[in-house]
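First up is the structure itself, then whatever we jot down about it.
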Amino acid sequence: MLEHALPFQKIVFVCCNQREPGERECCANKGGKELRDKLKSMVKARNLQSKIRVSQSGCQDKCEHGPNLMVFPENRWFSHVSEAELEYLLESIIATLDGQPSNVTTQSPPPVVERPSPA
C-alpha cells in the first residue's frame, strides 16, 4: 500500500443516495444528482478542477435534511442545499483555496428560507 497527499485542496461530496420507493427519504429524490452536476459544471467553468473535486457520495445518513453536501478537509456539512445557494457555497470554498483568502469577491449568503420540519 502507498500513501499519498490528497490530490485536491477541497473535495465536495454531494449525497446522491437513491432508496427504493417506500423506504426512508433520499437525497437523490431531493435533487442531489442535479446539485452535483451543477456544482461540477461551475467548478469546470472556473477552471478549478485541479483544486476542487466534486464527487457524489452514498448515504450520509442525514437524508431527512437533504440534499446534503460535505466539504473536506474542513469537515463542513451543509443541509437543505438548493441550486440557488451553490454560487455562494462555491465562492466560500474558493475563498479558502491555497490556505489564503482569495481575491474573489464573495457575495452575501442567500436569505435563509424556512423549510418545514419533516413529519
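Restricted to region 46-67, and to residues there that are out of contact with any Leu (no Cβ under 8 Å at 6 or more places or on another chain) and not in a loop (DSSP other than H, G, I, E, B), the residue that is modelled with the lowest pLDDT is CYS63.
In region 68-84, of all residues being in contact (Cβ under 8 Å) with a residue 40 or more places away in the chain and outside any loop (DSSP other than H, G, I, E, B), the one that is nearest to the chain's Cα centre (by Cα) corresponds to LEU69. So, in region 21-45, of the ones that are surrounded by 14 or more Cβ atoms within 10 Å (Cβ to Cβ) and outside any helix (DSSP H, G or I), which residue ends up modelled with the highest pLDDT? The extreme case among them is GLY31.
For PHE8, are the conditions met, namely being assigned to a loop (DSSP other than H, G, I, E, B) and either of a type in the set (Phe, Trp, Tyr) or crowded, with 19+ Cβ neighbours inside 10 Å (or both)? Steps first, answer last, please.
Working: assigned to a loop (DSSP other than H, G, I, E, B): yes; either of a type in the set (Phe, Trp, Tyr) or crowded, with 19+ Cβ neighbours inside 10 Å (or both): yes.
Criteria met by PHE8.
Can you tell me which residue is surrounded by the fewest Cβ atoms within 10 Å (Cβ to Cβ) among those in region 46-61 that are under 15 Å from PHE78 (Cα atoms) and touching a helix residue (DSSP H, G or I) at 6+ places or on another chain (Cβ under 6 Å)? If we take residues in region 46-61 being under 15 Å from PHE78 (Cα atoms) and touching a helix residue (DSSP H, G or I) at 6+ places or on another chain (Cβ under 6 Å), then GLN56 is surrounded by the fewest Cβ atoms within 10 Å (Cβ to Cβ).
Does GLU91 count as surrounded by 15 or more Cβ atoms within 10 Å (Cβ to Cβ), outside any strand (DSSP E or B) and either of a type outside the set (S, T, N, Q) or at pLDDT 90 or above (or both)? It would help to see each step written out before you state the result.
Details: surrounded by 15 or more Cβ atoms within 10 Å (Cβ to Cβ): yes; outside any strand (DSSP E or B): yes; either of a type outside the set (S, T, N, Q) or at pLDDT 90 or above (or both): yes.
For GLU91, the condition - surrounded by 15 or more Cβ atoms within 10 Å (Cβ to Cβ), outside any strand (DSSP E or B) and either of a type outside the set (S, T, N, Q) or at pLDDT 90 or above (or both) - is met.
The values are calculated or read from the model by the stated rules, or taken from the named source; none is laboratory data. Everything numeric in this text was worked out from a predicted model, so none of it was measured. Please note: Cβ atoms are built from the backbone with ideal geometry, for glycine as well, and neighbour counts cover all protein chains shown.
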